[in-house]
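The values are calculated or read from the model by the stated rules, or taken from the named source; none is laboratory data. Please read these numbers as outputs of a predicted model, since none were measured by experiment. In this analysis, Cβ positions are derived from the backbone assuming ideal geometry, glycine residues included, and neighbour counts consider all displayed protein chains.
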Amino acid sequence: MTEFNLKTPDLINGTPEEKRKEILDYFLRTFELDTQLYNTIKEEDAFFMRADPLRHPLIFYFGHTACFFVNKLVLAGLFPEHINPKFESIFAIGVDEMSWDDLNEENYDWPTVAEVRAYRNTVKEKITHLILELPLQLPIDWESKFWPILMGIEHQNIHIETSSVLIRQLPIDKLQSGKFNQTFQEDPPIVENQLIAVSPSEVQLGKPEHHQHYGWDLEYGSRNENVEAFKASKMLVSNAEFLEFIKDKGYQTKQWWTEEGWSWVAYKDAQHPQFWIKDGSSYKLRLMTEIVPMKWSFPVEINYLEAKAFCNWKSVQTGKKLRLPTEAEWKRLIEVANVKDVQFWKKAPGNINLEHYTSPCPVNTFAFDEFYDLIGNVWQWTETPITGYPGFKVHPLYDDFSTPTFDGKHNLIKGGSWISTGNEATLHARYAFRRHFYQHAGFRYIESAHEPEIRVDSYETDEEVVISCEQNYGDDYLEMKKLPLQVIEFIQQTVKDASSKTLLDLNSDTGRLAFEASRLFKQVTALDASARFIRPAIELQKNGLLRYQIKDEGELSIFKDILIEDLKIKNSQNLVFMQDDVMKLKDKYRNFDVIVALNLLEELRKPKEFLSTINERFNKDGLLFLGSTYQWQEAITKKENWLGGIKKDGEPIQSIDGIQQILSTHFELIQPPVNLSYVIRNSSRKLEVLISELSIWKMK
């Protein structure tokens, strides 16, 4: 696999033309590796099997990485239009098992493998042309036009790995090894694990803002932590070492498991790691595309819940206080062993970046000073739930890459695996998965008297999101009622027999209008383009509590707790929040009695196109509640797509005139537009007053 040696590029050093060639080569080799991965599927029907019930079938991921490129490049203004809007809708969302993922097969009419392959080739050609023609200046940073291209490549690297895990769960007779045939064949005798002392130190976490390698938003920022002395296992836990836990009825003994872990054991009826296959009195091992006799010297591959249970069990067996390392303790191991980052590699120092094997290898193969496998072989679970470092901010082109995982339910994995390439193979890489999730991941344990402080940011801190939370659920300012509550009053006055009708909220934001509507309507569907904004609404719906932190002044903050009972929302089971793009809206969103589009038009690239087709989503006599500030911005909506706020033939055209011209074909205006004033709170001493014009339309 050496032809796929995919080290992430240096974005600072070199000449622009050298860098252009390097990025093009990086893109083409990554795309080819992705293609070769799916070539391991020899039976096409396997593309449509759901390897994991909480994931889409492989056909989704086959199209998803190409679709991601297109959607981000359109958003960045680097592609003038979508290539295949249908594909770029159905392949857009559904990667992590979030509450708003739509995994109902009835809602998907999957294309054929040949159609997706042709789409991928078209996307590949267009991106190749873009890389060759786009002006390039060094350094490449967040503001660079090349950043979204690199974002797409690194996103593809992620899915090469996560899709390989799904392929590993498909029926073996549906697969072939193809390029992934360099698996480690031997199973040498097991060397007993041991604990090695590590001295205390302060470690600095976080990637500098102008680092030479591409980074995801959650890698940036800075936090210093004091790491107390501890001992760490010399090697990752092997299959042989983990077998002792199984022999001692570890999966049948509740005391070793957390409450979450024991619930998972009962749900899965788990008896052993997922990739072990019972074979009489022994086991076989499932690799990605083959089943082999158990490799007892390989690292055990399990989820966090199993790793935690093992540590609890082994603590009692040894009389030592054992647990998983934190992120900071893993970083301390890296420092102690002087592990180098990718820019210093001539050849990967561990089983990583596909430079050695296409499978794990024995846990005592790659040494780093006194330890083994500090990077590579398999990822390593940590005790640390993922959250942002101080200074964290989202990238506007991918505003929900990381924040949906800041829920205390996703733990960090560190170090990379044999198939980790690109950004995944760097020391700053931060990826997190739900604790029951299977990746190519194992663990090492540490002995420490120190009980780590597990930080869970239960208070929403994303600045844009918390402004929305306060606007929707917080105090009233300047004696002005919240905008969603003003709109709900008009809905109540206008809609007859609402309890028998359905409502679609097309720009739900953090959800207040949808919650209020759920008290009135038979069924409410609330959509938003960003998972960042949906997440607080789902937390409030699911747990009855929403917490967020708003600016006071300077470094001071105010913490807010919103209880659903205080909103007098007793039952919201008739309300569903989903993530979707209204410009690529799925066909299932039809037959609504009421549609609300509040402050949506000014966020769209093509509001005229939206208005000209919205009639297709209604039942007979449907009502459209349309609100807008008409704050047109050329960075979002090109001037030729503005609905108004322009002069034509020397005469001013108001936005409501443009709306009337489009909607009059299918709608009649049943109430003159009204101005609704409301307040946006940026801090204790900075308030903005906005006016949204509300118009109400009825289907003819």
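Residue-by-condition table, conditions (1) of a type in the set (Asp, Glu); (2) buried (at least 20 other Cβ atoms within 10 Å of the Cβ):
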| residue | (1), (2) |
| --- | --- |
| 426 | no, yes |
| 431 | no, yes |
| 435 | no, yes |
| 438 | no, no |
| 443 | no, yes |
| 450 | no, no |
| 460 | yes, yes |
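Within the range 280-297, restricting attention to residues that are part of a strand (DSSP E or B) and modelled with pLDDT of 95 or more, the residue that is surrounded by the most Cβ atoms within 10 Å (Cβ to Cβ) is 285.
Selection within the range 443-489: residues that are within 30 Å of residue 411 (Cα to Cα), among the polar types (S, T, N, Q) and under 26 Å from the mean Cα position of the chain (by Cα). The member of this set that is modelled with the highest pLDDT is 468. Selection of the range 228-286 for residues being hydroxyl-bearing (Ser, Thr, Tyr) and farther than 30 Å from residue 198 by Cβ yields 251, 253, 263, 267, 281, 282, 283. Tell me, please, whether a residue that is under 23 Å from residue 392 (Cα atoms), surrounded by fewer than 18 Cβ atoms within 10 Å (Cβ to Cβ) and of a type in the set (D, E, K, R) can be found in the range 197-213. Yes - at least one qualifying residue is present in the range 197-213. Does the range 55-64 contain at least one residue that is touching a Leu at 6+ places or on another chain (Cβ under 7 Å), at pLDDT below 95 and not acidic (Asp, Glu)? So far as the range 55-64 goes, yes, one or more of its residues are touching a Leu at 6+ places or on another chain (Cβ under 7 Å), at pLDDT below 95 and not acidic (Asp, Glu).
Residues that are of a type in the set (A, V, I, L, M) and out of contact with any helix residue (DSSP H, G or I) (no Cβ under 6 Å at 6 or more places or on another chain) number at least 1 in the following strands (runs of 3 or more DSSP E) confined to the range 359-453: 410-414. Meeting the requirement of 2 or more residues that are in the same structural domain as residue 600 (by TED's automatic domain parsing) and of a type in the set (S, T, N, Q), the strands (runs of 3 or more DSSP E) wholly within the range 478-586 are 523-528.
Looking only at residues in the range 320-336 that are among the basic types (Lys, Arg) and out of contact with any helix residue (DSSP H, G or I) (no Cβ under 7 Å at 6 or more places or on another chain), the one that is nearest to residue 381 (Cα to Cα) is 331. Within the range 401-453, the set of residues being closer than 16 Å to residue 350 by Cα and of a type in the set (A, V, I, L, M, F, W, C) comprises 418, 419, 425, 427, 429, 441, 443. All of (1) polar (S, T, N, Q); (2) within 30 Å of residue 85 (Cα to Cα); (3) surrounded by 15 or more Cβ atoms within 10 Å (Cβ to Cβ) hold for residue 612 with one exception: (3). Checked across the range 461-471, the condition of being of a type in the set (Gly, Ala, Ser) and either part of a helix (DSSP H, G or I) or closer than 18 Å to residue 592 by Cα (or both) holds for at least one residue.
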